[in-house]
Amino acid sequence: MEQFEKNDKMAVMPVKKLMLAMGVPMIISMVLQALYNIVDSAFISNMAQNGEAALNALTLAFPFQMLMVAIGIGTGIGTNVLVAQNLGLGDKNKAGKVAGNAQFLAIVIYLVFLLFGIFGVRFYIATQTANQLVYDMAVNYLTICCVASPGVIFFAIYEKLLQASGHSMYSTIAQIAGAVTNIILDPIMIYGWLGCPEMGATGAAFATVIGQCVSWLLAFLFHLTANKNIPKDLQYLKPSADVIKGIYAVGLPAIIAQALMSVMTYGLNIILVSVSEAMVTAYGLFYKIQQFILFAAFGLRDAITPIVSFAYGMGNQKRIRDGIKYGLLYTLMIMVAGTVAAEALALPFGSLFRLSGETETAFIGAMRIISISFLFAGINIALQGVFQALNKGLASLTVSFGRQLIFVLPVAWGFAQITLRFQITGWIIWITFLLAEIATSIIAYFLMKRTNRFISQFKTA
């Protein structure tokens, strides 16, 4: 056990307790990440003029924002898994190389988003709307988020490095600091308080990126001071093809899984606008609210991944199975609570965001119907974390494609055509999500049965 002297919590703490010790801070961190988007929407929707148009603009920008987060988090997950595995093996030098290469990748990723912010935003927004007011707001908002995106990219890397070595509380502190900064700056910049010019949706973008940069800088500081078991010499920043390949062997499926959220939302925007613009606004707002629940499950998944991955590095079957068992149990508890909350808060949220009649009706329908799918979504999300931890990237990717693409866009399109042809209310489109999660959970069950045979080869203690 000497090799685990500085990582004894990951190696010897009972998994039931370890899952809570790591999971609660990660859940808080992910929920706060969701808070960035919902806080912007809350302040934007209550603007004196054009509040609903601005809310629509944020909805159109949101898929690409999710893509940015997807690439950052996916790279971070690949880093997290490899660092945790190498720490589990006692190979600190390899862990340092992985961490250094991840930081190099963050620089490259930022440069790509910078170029998109300068040259690609206008075309992207134009594919989703012909409303000039909404177009202008969305272009301004997304340009700022892309050009000033180092905060969201680098924080994703340092967050996962802290989590990989069991320091999830520090990443949560950094996330809280950024969220609080965003909340404080939002009304000041949107409404023009305290002498600041009134900037509307543009102000929301500035508040968001400033908050992200605060989180990034604090997480970097904590990485330098708390992650003592990860070497930080500058030599580790030198890119290594083998290390980068290893990061993306795990991280690419995670990126695709996260990016599918972006593709799904973008595709749904196009499908829903064929029914009505109110459906687009309603779904965009609901999606941000449901993130509080889904991101809580993602937070626990991000505890499942390093715990199971560390146990995988140790070759300890019992800790692997305990990680799966308690990960599924705690995730289901979160989703039950989330379903109850969504059903109870449908009407109050409709009033809070000052939605018009048609938009409010569509939004309440989404809250009431889609929330039922959370129970099945929880199973799928938890098992994605298990598959990632055990280097079963294809299985994780299969689950992601099922719940966010294969069983969503074609079904939603079909329901939209029924709505238009028979002139019925568009609420039936929301059934798509329940069907998608149920179908995917069946596939995940069979993938897990196969994975159980793989787990059986390890020692039991």
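The values are calculated or read from the model by the stated rules, or taken from the named source; none is laboratory data. All values derive from a computational prediction rather than experimental measurement. Note that each Cβ is placed from the backbone with ideal geometry, even for glycine, and that neighbours are counted across all protein chains shown. Surface accessibility is based on the protein's heavy atoms, side chains included, excluding ligands, DNA and RNA. Shrake-Rupley method; radii C 1.70, N 1.55, O 1.52, S 1.80 Å.
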Among the residues in region 274-290, are any under 14 Å from the mean Cα position of the chain (by Cα) and open to solvent by 10 Å² or more (accessible area, probe 1.4 Å)?
yes
Identify all residues within region 33-55 that are of a type in the set (A, V, I, L, M) and not in a loop (DSSP other than H, G, I, E, B); write none if there are none.
34, 35, 38, 39, 42, 44, 53, 54, 55
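Residues are listed down the side, and each one gets a yes or a no for (1) under 20 Å from the mean Cα position of the chain (by Cα); (2) free of Cβ contacts under 8 Å to residues at least 40 places away in the same chain:
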residue: 101; (1), (2): no, no
residue: 108; (1), (2): no, yes
residue: 114; (1), (2): no, yes
residue: 124; (1), (2): no, no
residue: 142; (1), (2): yes, no
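Run down 341, 346, 296, 362 and say which single residue is farther than 26 Å from residue 29 by Cα and part of a helix (DSSP H, G or I). So that I can check it myself, show each step before the final result.
Working: 341 fails: farther than 26 Å from residue 29 by Cα; 346 fails: farther than 26 Å from residue 29 by Cα; 296 fails: farther than 26 Å from residue 29 by Cα.
It is 362.
From the residues in region 232-263 that are assigned to a helix (DSSP H, G or I) and at pLDDT 90 or above, which one is most open to solvent (accessible area, probe 1.4 Å)?
Step one: of region 232-263, the residues assigned to a helix (DSSP H, G or I) are 234-237, 241-263.
From what's left, at pLDDT 90 or above: 241-248.
Values: 241: 82, 242: 126, 243: 11, 244: 36, 245: 151, 246: 22, 247: 0, 248: 56 Å².
Here the answer is 245.
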Go through region 162-179 and give me each residue that's on the phi < 0 side of the Ramachandran plot and either in contact with a Gly (Cβ under 8 Å, 6 or more places away or on another chain) or small (Gly, Ala, Ser) (or both).
164, 165, 168, 171, 174, 177, 178, 179
Among helices (runs of 4 or more DSSP H) entirely within region 368-461, at least 1 residues that are touching a helix residue (DSSP H, G or I) at 6+ places or on another chain (Cβ under 8 Å), under 30 Å from residue 315 (Cβ atoms) and at pLDDT below 90 occur in 374-389, 393-401, 431-455
If I filter region 3-12 for residues that are under 17 Å from the mean Cα position of the chain (by Cα) and open to solvent by less than 10 Å² (accessible area, probe 1.4 Å), do I get at least one hit?
no
Are there helices (runs of 4 or more DSSP H) fully within region 101-179 with at least 1 residues that are over 25 Å from residue 219 (Cβ atoms)? List them.
121-126, 132-147
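Only residues that are closer than 22 Å to residue 116 by Cα and over 16 Å from the mean Cα position of the chain (by Cα): list them for region 150-185, please.
To start, the set of residues in region 150-185 that are closer than 22 Å to residue 116 by Cα comprises 150-157.
Matches in region 150-185: 150 only.
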Inspect all residues belonging to region 338-351 and state whether any of them is on the phi < 0 side of the Ramachandran plot, among the β-branched types (Val, Ile, Thr) and open to solvent by 10 Å² or more (accessible area, probe 1.4 Å).
yes
Where a residue in region 228-247 is within 21 Å of residue 391 (Cβ to Cβ) and of a type in the set (S, T, N, Q) and its partner, wherever it lies, is part of a helix (DSSP H, G or I) and at pLDDT 90 or above, with Cβ under 7 Å and at least six apart:
240/97; 240/101
Does residue 404 satisfy being within 25 Å of residue 63 (Cβ to Cβ) and crowded, with 20+ Cβ neighbours inside 10 Å?
yes
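For region 367-383, name all the residues that are within 12 Å of residue 343 (Cβ to Cβ) and open to solvent by less than 10 Å² (accessible area, probe 1.4 Å).
Of the residues in region 367-383, the ones within 12 Å of residue 343 (Cβ to Cβ) are 367-372, 374.
If the condition is that a residue be within 12 Å of residue 343 (Cβ to Cβ) and open to solvent by less than 10 Å² (accessible area, probe 1.4 Å), then 367, 370, 371, 374 are the ones that fit.
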Report every pair of residues separated by at least 6 positions or lying on different chains whose Cβ atoms are under 7 Å apart, first residue within region 369-396 and at positive phi, second of a type in the set (A, V, I, L, M, F, W, C) and part of a helix (DSSP H, G or I).
391/250
Go through region 22-42 residue by residue and tally those that are surrounded by fewer than 24 Cβ atoms within 10 Å (Cβ to Cβ) and either aromatic (Phe, Trp, Tyr) or free of Cβ contacts under 8 Å to residues at least 24 places away in the same chain (or both).
1
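Could you tell me how many of the residues in region 210-231 are among the aliphatic types (A, V, I, L, M), modelled with pLDDT under 95 and outside any loop (DSSP other than H, G, I, E, B)? Give the steps one after another, and end with the answer.
From region 210-231, those among the aliphatic types (A, V, I, L, M) are 210, 214, 217-219, 221, 224, 226, 230; that's our starting set.
Next, from what is left, pick out any that are modelled with pLDDT under 95: 224, 226, 230.
Remaining after also requiring outside any loop (DSSP other than H, G, I, E, B): 224, 226.
Residues in region 210-231 being among the aliphatic types (A, V, I, L, M), modelled with pLDDT under 95 and outside any loop (DSSP other than H, G, I, E, B): 2 in total.
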